[in-house]
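Asks: Supplied in structure tokens, the structure appears directly below.
Values quoted throughout were computed directly from the atomic coordinates according to the rules given, and no laboratory measurement underlies them. None of these values were measured; they are calculated from a predicted model. Here the Cβ is made from the backbone with ideal geometry for all residues, glycine too, and neighbour counts use every protein chain on show.
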Protein chains: 2
Amino acid sequence: MGDQIKYLLDESRIPKHWYNIQADLPKPMPPVLHPGTMKPVGPDDLAPLFPMALIMQEVTTEREIEIPEPVRDIYRVWRPAPLFRARRLEQVLGTPARIFYKYEGVSPAGSHKPNTAVAQAFYNKVAGVTRLTTETGAGQWGSSLAFAGALFGIDVTVFQVRVSYDQKPYRRALMESYGARCIPSPSTETEYGRAVLAKRPDHPGSLGIAISEAVEIAAQREDTKYALGSVLNHVLLHQTVVGIEAMEQMQMADAYPDVIVGCTGGGSNFAGIAFPFIGAGLRGGAKPRIVAVEPAACPSLTRGKYAYDFGDTAHMTPLTKMHTLGSTFTPPGFHAGGLRYHGMAPLVSHLKELDLIEAVAYHQTECFAAGIQFARAEGILPAPEANHAVKGAIEEALRCKREGRSETILFNLCGHGHFDMQAYMDYTAGKLTDQQYDEQELAMALSGLPSVPEPA
Amino acid sequence: MGDQIKYLLDESRIPKHWYNIQADLPKPMPPVLHPGTMKPVGPDDLAPLFPMALIMQEVTTEREIEIPEPVRDIYRVWRPAPLFRARRLEQVLGTPARIFYKYEGVSPAGSHKPNTAVAQAFYNKVAGVTRLTTETGAGQWGSSLAFAGALFGIDVTVFQVRVSYDQKPYRRALMESYGARCIPSPSTETEYGRAVLAKRPDHPGSLGIAISEAVEIAAQREDTKYALGSVLNHVLLHQTVVGIEAMEQMQMADAYPDVIVGCTGGGSNFAGIAFPFIGAGLRGGAKPRIVAVEPAACPSLTRGKYAYDFGDTAHMTPLTKMHTLGSTFTPPGFHAGGLRYHGMAPLVSHLKELDLIEAVAYHQTECFAAGIQFARAEGILPAPEANHAVKGAIEEALRCKREGRSETILFNLCGHGHFDMQAYMDYTAGKLTDQQYDEQELAMALSGLPSVPEPA
């Protein structure tokens, strides 16, 4: 038998707790502010949108949060997810580095998103919520929440960015197969959507607008709450099952990462793989380098400002301090739709400010090239988002080759590309270009950031 | 913790042998005949198309065929595949039956097809073959061989039925991402393709024509061989890893199936799950009922004739005795493309003649309804082909409910539906109909079967 390439954990090893990095932060998070009063928001301010259990997860500094058994029960459909040693890729690259990857594409929705969708659906179900609203771009998150809603018997309404709704109908079909209702945004179902359409009837939509619509519906109805697929602390918390499993699997492989690589859009899959390792470092353990890879066309960590900003376009959300390109910034239409967000998770942003993580940006064509190289070596075709992590890992492996160092690299392969074949077709046909954002628009968007008085 | 739902085997439990049911047949297989001489073909007759190792697997009666380590090495990317207890589906159906399913959608191509693609690529590689040709309809098989070819460094040329090539470009994009060349069939690259196009320049193609083209190319070149994704004995042999793993996993669940259900097109995923259990029964063990589920629009087992026929349209293949609708029969264009074949694997046909298996046919809309019900209960959206197995299993579970019997049902969920969302969109939109084949065309095709003298 050849050397081991796959590290599988028994079902009993699905983590029993999520890891909360807020317990180990050297400096606490800046408060979330109410945009009217500029005062820190309290749990009650968020109660119209989220069940109290999730609000408490947003702010707690407890290190371990127990994963409820009904959530673990559904995690068992695909968890523990495999960890692979990328031996064939190592050979192709001729690198002395050892490359490992955690593969989250084994979930029924094909990505890491169900890790939090299932948890959020559970806490809402327990709180008596009968309907969840959310937004989605290409549809990874919407289809994951639709999946979770089906299993818990919660109606799911998804506001999908209209351009994706029209151009990429297959994720929508998956949502509808799970029984969710999918509405192109901007829509006539909300006041905000109608206002947007009144100004521009053919508006293509944006994630920020779709969030506004989903929030508006949830805020109005007692039985309806809102669910977000990334950015928020509790979402990142739920994703830590990825890293907790990976830690145990690396131990099986008798290895510990020198470098951990993840792609960042809102920040949740990156947090999932990285936070448990960062936390172990903060508690005195080894400190791997942690590399966030973002798209050069939407570079919130590398080019954004660390400032208070809104999460949505209609400015209905509270203000959070994060790396942001400005809530009015519209990223160009590149293919990794899951990374097209103006902001970054406040927790990830905070860690960046504390120099606990690095960030790097790549263009989409070099990421697709990396994805193709990975697929031909390892057999798994990554999602366009995941290609950024692949690119980052390959660059680290090539650095090791140049430096003659046999470091251990771990990255998160957060999803498969089976729903993204149009992007691969365009890439193969040479039709993909590396869009640049408009520097002037970015400057405008950044100058429009809300002005927040410095806390005393 | 709830009751167990997933039965995982350690990587070391990937089978070390394939199971060859020819060792246990109460009556040997009818010989394969040369269409010119009507005499049994020998290994040399097949040597232009296949490497000798695969030809020997076609005819051997050895019970266990060792799986080469390089094949097991790649199997480790997704094998052992999980076995699930469908507890939520059982609850929805209110059945006293226990339903288990083996899930082959975890492979990088999303179906069971890589089980044989990897094996075939390996034996060809060892024999010095540098290029493989094959045919594909919707693309499940083509993408699986492209995947295997990429890992073994073999060029893969896929003749894809033109109507699928034009209408379903995403599987093609997957093949091309793996580095394969994909040609719409009928093509101008073969004599037979040119002859077909001369008669009808806009011919939409068929699996039979694509096979003829792939065989023509392979037969002409020393360095090129042909690979088939189903039907042949060695293909079915490779798929028995599915059933061998399932047997061990059922043991973990402390259960043994009373009924085994699989969908049948060419017969390979059905054989994979069923043969190891049938073999155990033939050697004195328990004898579960074995149910093959086929599409009512292409019902080779339930409406075909058990007779010698060609595997392709140009009549370049040898004659095999099988259940066939006639090699000139064109099934209507339903969505389970993997089940649109005029014939049935000779081994499966032989077992049917020996009354070791049953067969039943369902229409596509009732199969899609079953698939949606399954997805909302279990969270996994099946491929349209797999929906036939889901439908068959649900029918068995409902029979158990009517009869008050708590039988154990096992079925093979051979692939996910992520590449088949157009079919689900059409179904949800009410656009899918249950096509009927043309009875007159079937009668014609059957009357045109080659006449073969009865053996002495």
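Asks: Decide, for the range B:386-446, between rounded, prolate and oblate: order the square roots of the alpha carbon gyration tensor eigenvalues as a ≥ b ≥ c, take rounded if a/c falls under 1.5, and otherwise choose prolate if a/b is larger than b/c, else oblate.
Replies: Oblate shape, in that a/c is at least 1.5 and b/c is the bigger or equal ratio.
Asks: Which of rounded, prolate, oblate describes the range B:114-228, given a ≥ b ≥ c as roots of the alpha-carbon gyration tensor eigenvalues and a/c under 1.5 marking rounded, otherwise prolate only if a/b is larger than b/c?
Replies: Oblate, since a/c reaches 1.5 and b/c is not below a/b.
Asks: Sequence gap at least 6, Cα distance under 8 Å: using those rules, report the relative contact order of the range B:114-228 to the nearest whole percent.
Replies: 31 percent
Asks: Run down the lysines and flag those whose C-alpha is under 21 Å from the C-alpha of A:Lys401, throwing out any fewer than 8 positions away in its chain.
Replies: Output for A:Lys401: A:Lys391.
Asks: Sequence neighbours fewer than 8 away in the same chain don't count; with that in mind, list the lysines whose C-alpha is under 17 Å from A:Lys39.
Replies: Here the lysines satisfying the reach criterion relative to A:Lys39 are A:Lys321.
Asks: Next question, about the same structure. According to the square roots a ≥ b ≥ c of the eigenvalues of the Cα gyration tensor, what is the shape class of chain A, taking rounded for a/c under 1.5, prolate for a/b larger than b/c otherwise, and oblate for the remainder?
Replies: rounded
Asks: Could you work out the helix-only [θ] at 222 nm for chain B, with each DSSP H run of four or more residues adding -39,500 (n - 2.57) and the total divided by the number of residues, to the nearest 500 deg cm²/dmol?
Replies: Estimated from H runs of four or more residues: -12500 deg cm²/dmol.
Asks: Tell me the relative contact order for chain A as a rounded percent, counting alpha carbon contacts under 8 Å between residues six or more apart.
Replies: Result for chain A is 19 percent.
Asks: Which value, in debye to the nearest 20, describes the size of the charge dipole of the range B:114-228 about its Cα centre when Lys and Arg Cβ atoms bear +1, Asp and Glu Cβ atoms bear -1, and nothing else is charged?
Replies: 180 debye
Asks: Under a plain spin-label model, where a point goes 7 Å from the Cα along Cα-to-Cβ, how far apart in nm are B:Thr302 and A:Ala127?
Replies: Roughly 4.9 nm, to one decimal.
Asks: Quickly work out the A:Glu62-to-A:Tyr256 label distance, labels modelled 7 Å from Cα along the C-beta direction, and quote it in nm with one decimal.
Replies: With each label point 7 Å from Cα toward Cβ, the separation is 2.8 nm.
Asks: Let me ask something else about it. Ranking A:Val242, B:Val156 by Cβ neighbours within 10 Å, fewest first, what do you get?
Replies: Listing A:Val242, B:Val156 from fewest to most nearby Cβ atoms yields B:Val156, A:Val242.
Asks: Based only on other Cβ atoms within 10 Å, what is the fewest-to-most ordering of A:Arg303, B:Arg402?
Replies: The most exposed by this proxy come first: B:Arg402, A:Arg303.
Asks: Can you tell me the FRET efficiency between A:Glu189 and B:Thr428 if r is taken as the Cβ-Cβ distance and R0 is 22 Å, rounded to the nearest 0.05?
Replies: Step by step, r from the Cβ atoms, then E = 0.65.
Asks: Right, next: Using a simple spin-label model with points 7 Å from Cα along the Cα→Cβ vector, what separation in nm is obtained for B:Lys16 and A:Glu69?
Replies: 4.0 nm
Asks: From the residues B:Thr37, B:Leu228, B:Gln239, which one has its Cα farthest along the dipole of chain B in the positive direction, the dipole being from +1 and -1 charges on Cβ of Lys/Arg and Asp/Glu about the Cα centre?
Replies: B:Gln239
Asks: Within the range A:5-35, find all residues whose amide N lies under 12 Å from a label point positioned 7 Å from the Cα of A:Leu354 along Cα-to-beta-carbon.
Replies: Zone members listed by number: A:20-30.
Asks: In the protein assembly as shown, if the dipole is taken from +1 on Lys/Arg beta carbons and -1 on Asp/Glu beta carbons about the Cα centre, which of B:Leu442, A:Thr328, B:Val291 is farthest to the positive end?
Replies: Looking along the dipole axis, the top candidate is B:Val291.
Asks: Cα atoms only: what Rg and Dmax, in Å, come out for the range B:1-64?
Replies: 18.8, 65
Asks: Mind checking the dipole of chain A: about its Cα centre, +1 per Lys or Arg Cβ, -1 per Asp or Glu Cβ, Debye to the nearest 20?
Replies: The calculated dipole for chain A is roughly 640 debye.
Asks: Something else: Karplus couplings for the range B:155-166 from phi (6.51 cos²θ - 1.76 cosθ + 1.60, θ = phi - 60°), rounded to Hz, Gly and Pro as x?
Replies: Couplings: 5, 10, 10, 10, 8, 9, 3, 4, 4, 6, 4, 7 Hz.
Asks: Give me the net charge for the shell around A:Asp312: Cβ to Cβ below 11 angstrom, other residues only, Lys and Arg +1, Asp and Glu -1.
Replies: Surrounding charge for A:Asp312 is -4.
Asks: If you line up the long axis of helix B:364-378 against the longest principal axis of chain B, both from Cα atoms, how many degrees apart are they, to the nearest 10?
Replies: It works out to around 50 degrees.
Asks: Still on this structure, please answer the following. Projected onto the charge dipole of the protein assembly as shown (+1 at Lys/Arg Cβ, -1 at Asp/Glu Cβ, origin at the Cα centre), which of A:Gln167, A:Phe100, B:Gln422 gives the Cα projection farthest towards the positive end?
Replies: So the residue furthest toward the plus end is A:Phe100.
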